[in-house]
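A.B. asks: This structure is in structure tokens; I'll ask about it shortly.
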Amino acid sequence: MTSSENESELSGPSGLGGPGDPVLDPVEDIVVIGTGFIGLPLALLLADHGKRVVGVDIDRNLVREINDGTLNVDEDELQDLLTTGPVERNLEARTEPTDGDAFVISVPTPLTEPNKSPDLSALEAALESIQPYLEPGDLINVESTIPPLTCEETIVPFLEAAGFEPGADVQLAHSPERILPGNVFDELVGNDRVIGGIDETSRRRAASIYEPFLEGEIYYTDLLSAELCKLMENTFRDVNVALANEFALIGEELDIDMSNVIELANRHPRVDILQPGIGVGGHCLPIDPWFLNEADPEHTNLITSARRINDKMPAVATQKIRRALASHADPTVLAFGAAYKPSVDDCRNSPAMQIVADLRDDGYRVHHYDRYVDELAYDDLPSVLERESPDVVVQLVPHERTVAALESERSRLADAGVDVLQFGVENPIEP
Ligand SMILES: NC(=O)c1ccc[n+]([C@@H]2O[C@H](COP(=O)([O-])OP(=O)(O)OC[C@H]3O[C@@H](n4cnc5c(N)ncnc54)[C@H](O)[C@@H]3O)[C@@H](O)[C@H]2O)c1
Ligand SMILES: CC(=O)N[C@@H]1[C@@H](OP(=O)(O)OP(=O)(O)OC[C@H]2O[C@@H](n3ccc(=O)[nH]c3=O)[C@H](O)[C@@H]2O)O[C@H](CO)[C@@H](O)[C@@H]1O
């Protein structure tokens, strides 16, 4: 936004209406629909700050875990929050919605495969589920990442069909979540927040959800700009990773290790090349750029090329591993790393998982471990080496402790004739 008219909107909220103003009363009873990776941290923070929160999820086990205070989460701060007095008093988890001042929607918005179209079925189901509880004066605030025009073309018509006039009697906002997996708590509190609204009241009331804990600034805009903003952030990241990966592929052709060259290029004051790796995984980057492609197939050539480059990187890594395995007869492979990046337990769209699956499809015997992933966890790396006696060790995800443990075994492995191949991108926020 560069116009002075828009710049005036780029400021923190200037306060809510007075106590007698029913429209601008801050929200106190908040219903969070979808208490997964995104919804739960918000629900916990709000409850900790004295809001009455109902977390709704169709996953009964998750609902039970939240109510029992026995969650299995990777973020220490959030685990700690779950059992604080205010959270125990103010947060209740349920499988069905209930009445509230505000409904925050944080359900999945994946792609349908193989055509890469947005799948809004969970969003639509969430809207259906809150309809019986919606009353004039309530706010719907969508945190899920959504394709451009979803508010205008899906949510507004839904509300109208339910007998509401969005903006006039039910408020509608979109405040996309931007937290970085692995650093959820700090980013939820510290990141700036973009709030798009159908009108000023919707924006201000949505802001009142975050104000109790937010240390970042709030920037107000319209619904479409908020939708696009989130998609452009992740597309920017994805395209930049693809550029780094393409540089790495050029390096292979020219037989030179590009990491040193990238480091040198980054000495330029206006160059900041990211790290090449085994591909781009996770719940967001492999998905969100396709939402832009769906909205405008004609003008997303760079974006879709980048996606395809990143998608082929696991196969490139697999090919390198195959070459190393070719010098061993009937090799045993020990692979460390399954998560989509260091410091997290999330294996969604994980390049490491794809590599292991492809090697197993080839017929290789692959033992797979990841210290963060429950079903693949191990106690200590030397005992795993002892137990599996591999011919080749492949580090697919550089979790800091895995890298350190492998380093201290390096000379012993070399003496035993074990090849060690290391892949993956370090995480700058690794604790
Ligand atoms: N994971 C991330 O890093 C991240 C970051 C920013 C934004 N987002 C976006 O946030 C949204 C949620 O992602 P997530 O990672 O929290 O997903 P998630 O799968 O971890 O959590 C979503 C939860 O919603 C529940 N759910 C599904 N349908 C429901 C319904 N109709 N009613 C109630 N609950 C329902 C699921 O059971 C699940 O527990 C997505 O749009 C995603 O793109 C994710
Ligand atoms: C714009 C932005 O920052 N958005 C973040 C992003 O979070 P993320 O965890 O998905 O992002 P990354 O850490 O970038 O990892 C993604 C994959 O890219 C690989 N990678 C990374 C850097 C690199 O130099 N080379 C690489 O190869 C890495 O290994 C991994 O597989 O989306 C969330 C959801 O919307 C956002 O909320 C969150 O703000």
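A.B. asks: If you go through region 326-340 one residue at a time, do you hit one that is among the aromatic types (Phe, Trp, Tyr), modelled with pLDDT of 95 or more and in a loop (DSSP other than H, G, I, E, B)?
C.D. replies: There is at least one residue in region 326-340 that is among the aromatic types (Phe, Trp, Tyr), modelled with pLDDT of 95 or more and in a loop (DSSP other than H, G, I, E, B).
A.B. asks: If we keep just the residues of region 81-102 that are without any contact (Cβ under 8 Å) to a residue 60 or more places away in the chain and open to solvent by 70 Å² or more (accessible area, probe 1.4 Å), which is farthest from the chain's Cα centre (by Cα)?
C.D. replies: Looking at the filtered set, the residue picked out is ARG89.
A.B. asks: Take the residues in region 327-382 that are in contact with a Pro (Cβ under 8 Å, 6 or more places away or on another chain) and either in the same structural domain as LEU180 (by the TED database) or β-branched (Val, Ile, Thr) (or both), then tell me which one is farthest from LYS312 (Cα to Cα).
C.D. replies: Across region 327-382, the extreme among qualifying residues is THR332.
A.B. asks: Name the residues in region 385-404 that are surrounded by 18 or more Cβ atoms within 10 Å (Cβ to Cβ) and in a helix (DSSP H, G or I), would you?
C.D. replies: Initial filter on region 385-404 (surrounded by 18 or more Cβ atoms within 10 Å (Cβ to Cβ)): 385, 390-399, 402-403.
Scanning region 385-404 gives LEU385, THR402, VAL403.
A.B. asks: Find the helices (runs of 4 or more DSSP H) located wholly in region 130-211 whose residues include 2 or more that are under 19 Å from GLY36 (Cβ atoms) and open to solvent by 20 Å² or more (accessible area, probe 1.4 Å), and list them. Spell out the reasoning first.
C.D. replies: Values: elements: 156-161, 184-190, 200-210.
By residue number, 184-190.
A.B. asks: Another one. Of all the residues that make up region 323-336, how many are of a type outside the set (Phe, Trp, Tyr) and open to solvent by less than 60 Å² (accessible area, probe 1.4 Å)? Give the derivation first.
C.D. replies: Applying the first criterion (of a type outside the set (Phe, Trp, Tyr)) to region 323-336 yields 323-335.
Keeping just the survivors that are open to solvent by less than 60 Å² (accessible area, probe 1.4 Å) gives 324-325, 328, 331-335.
Of the residues in region 323-336, 8 are of a type outside the set (Phe, Trp, Tyr) and open to solvent by less than 60 Å² (accessible area, probe 1.4 Å).
A.B. asks: How many residues are touching a helix residue (DSSP H, G or I) at 6+ places or on another chain (Cβ under 8 Å) and open to solvent by 50 Å² or more (accessible area, probe 1.4 Å) if we restrict to region 215-227?
C.D. replies: Of all residues in region 215-227, those touching a helix residue (DSSP H, G or I) at 6+ places or on another chain (Cβ under 8 Å) come to 215-216, 218, 220-221, 223-224, 227.
Next, only the ones that are open to solvent by 50 Å² or more (accessible area, probe 1.4 Å) stay: 215, 224.
Going through region 215-227 one residue at a time, the tally reaches 2.
A.B. asks: Can you pull out the helices (runs of 4 or more DSSP H) entirely within region 1-98 that have at least 2 residues that are at pLDDT 95 or above and assigned by the TED database to the domain that holds LEU123? Break it down into steps so the answer makes sense when it comes.
C.D. replies: Numbers: elements: 4-7, 39-48, 60-68, 76-82, 85-90.
Correct list: 39-48, 60-68, 85-90.
A.B. asks: Return the pair list, or none, for Cβ contacts closer than 8 Å from residues in region 118-135 that are of a type in the set (Gly, Ala, Ser) and modelled with pLDDT of 95 or more to residues that are within 16 Å of ligand 2 (Cβ to nearest atom) and open to solvent by 60 Å² or more (accessible area, probe 1.4 Å), at least 6 apart or on different chains.
C.D. replies: Short answer, once both residue conditions are applied: ALA122/PRO108.
Results for (1) in a loop (DSSP other than H, G, I, E, B); (2) open to solvent by 30 Å² or more (accessible area, probe 1.4 Å); (3) touching a strand residue (DSSP E or B) at 6+ places or on another chain (Cβ under 7 Å); (4) of a type in the set (Phe, Trp, Tyr), shown as yes or no for each residue.
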position	(1), (2), (3), (4)
LYS230	no, no, no, no
ARG270	yes, yes, no, no
LEU274	yes, yes, no, no
LEU292	no, no, no, no
ALA306	no, no, no, no
ASP311	no, yes, no, no
ILE321	no, no, yes, no
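The values are calculated or read from the model by the stated rules, or taken from the named source; none is laboratory data. What you see is a predicted model; the values in this text were computed from it and never measured. For neighbour counting, all protein chains shown are included, and Cβ atoms are generated from backbone atoms with ideal geometry for every residue, glycine included. The area values use the complete protein model at the heavy-atom level, side chains included, leaving out ligands, DNA and RNA. Shrake-Rupley method; radii C 1.70, N 1.55, O 1.52, S 1.80 Å.
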